[in-house]
Amino acid sequence: MRDDVDRNPFNVLFLCSGNSARSIMAEAILNRDGRGKFRAFSAGSHPKGHIHPYAIDLLRKLNYDVSGFRSKSWTEFARPEAPKLDFVFTVCDDAAKEVCPVWPGQPMTAHWGIPDPAAATGNEAEIRLAFADAFRMLNNRISIFISLPIRSLDKLALQKQLDSIGKTKDAGETPATAAE
């Protein structure tokens, strides 16, 4: 955590491999629901170079402003001029298995794996359902994160809470430690 813990907002980076769906949706959710308390960013280890059209379509239907989104590399956030990160969350298994860059300021990290909707197969309705399901899981985890008393938890207790959020099995489930 930063030395200046009274400064708002906390900077959060969501990482995925392609930065085309899950990390983009997480960025959108946290920037809207955590406005004033958090500032979210997203990036990929191997960015696709475009946002998946179903992710953009879903966010638009849910009244998110999608004008500023772009698929970008995590190296943008490892540069000295990048925003100082307080939290870095991986939201896909591929990024969790890769060696991440060294982040200036040593942010807290956790893995919040979500199935990749861009890899879903089936008809259009089934694929769109996969995007909606990924959104629902991200929304639940981010809602739990936003509700944590971050400033009053010590680093070890906060890390335990962040890890617990990542172990949430379903969007309707609150991890036991986060509810305590």
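The values are calculated or read from the model by the stated rules, or taken from the named source; none is laboratory data. Just so it is clear, the structure is predicted and the values come from calculations on it, not from any experiment. In this analysis, Cβ positions are derived from the backbone assuming ideal geometry, glycine residues included, and neighbour counts consider all displayed protein chains. Ligands, DNA and RNA are stripped out before the accessible areas are found, and what is left, the full protein with its side chains, is counted by its heavy atoms. Shrake-Rupley method; radii C 1.70, N 1.55, O 1.52, S 1.80 Å.
Would you mind stating whether GLY68 is over 20 Å from ASN140 (Cα atoms) and in contact (Cβ under 8 Å) with a residue 12 or more places away in the chain?
Spelling it out, it is not the case that GLY68 is over 20 Å from ASN140 (Cα atoms) and in contact (Cβ under 8 Å) with a residue 12 or more places away in the chain.
For the stretch 57-84: of the residues being over 24 Å from ILE144 (Cα atoms) and among the aliphatic types (A, V, I, L, M), which is least open to solvent (accessible area, probe 1.4 Å)?
Top of the filtered list is ALA82.
Among SER147, SER143, which is the only one that is at pLDDT 90 or above, of a type in the set (Ser, Thr, Tyr) and open to solvent by 70 Å² or more (accessible area, probe 1.4 Å)?
One residue alone meets the criteria, SER147.
Residue-by-condition table, conditions (1) outside any helix (DSSP H, G or I); (2) farther than 18 Å from PHE135 by Cβ; (3) in contact with a Ser or Thr (Cβ under 6 Å, 6 or more places away or on another chain):
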| position | (1), (2), (3) |
| --- | --- |
| SER42 | yes, no, yes |
| ARG60 | no, no, no |
| SER67 | yes, yes, no |
| LEU85 | yes, yes, no |
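Go through the stretch 150-180 and give me each residue that's open to solvent by less than 70 Å² (accessible area, probe 1.4 Å), among the hydroxyl-bearing types (Ser, Thr, Tyr) and modelled with pLDDT under 90.
Answer for the stretch 150-180, where residues must be open to solvent by less than 70 Å² (accessible area, probe 1.4 Å), among the hydroxyl-bearing types (Ser, Thr, Tyr) and modelled with pLDDT under 90: THR168, THR177.
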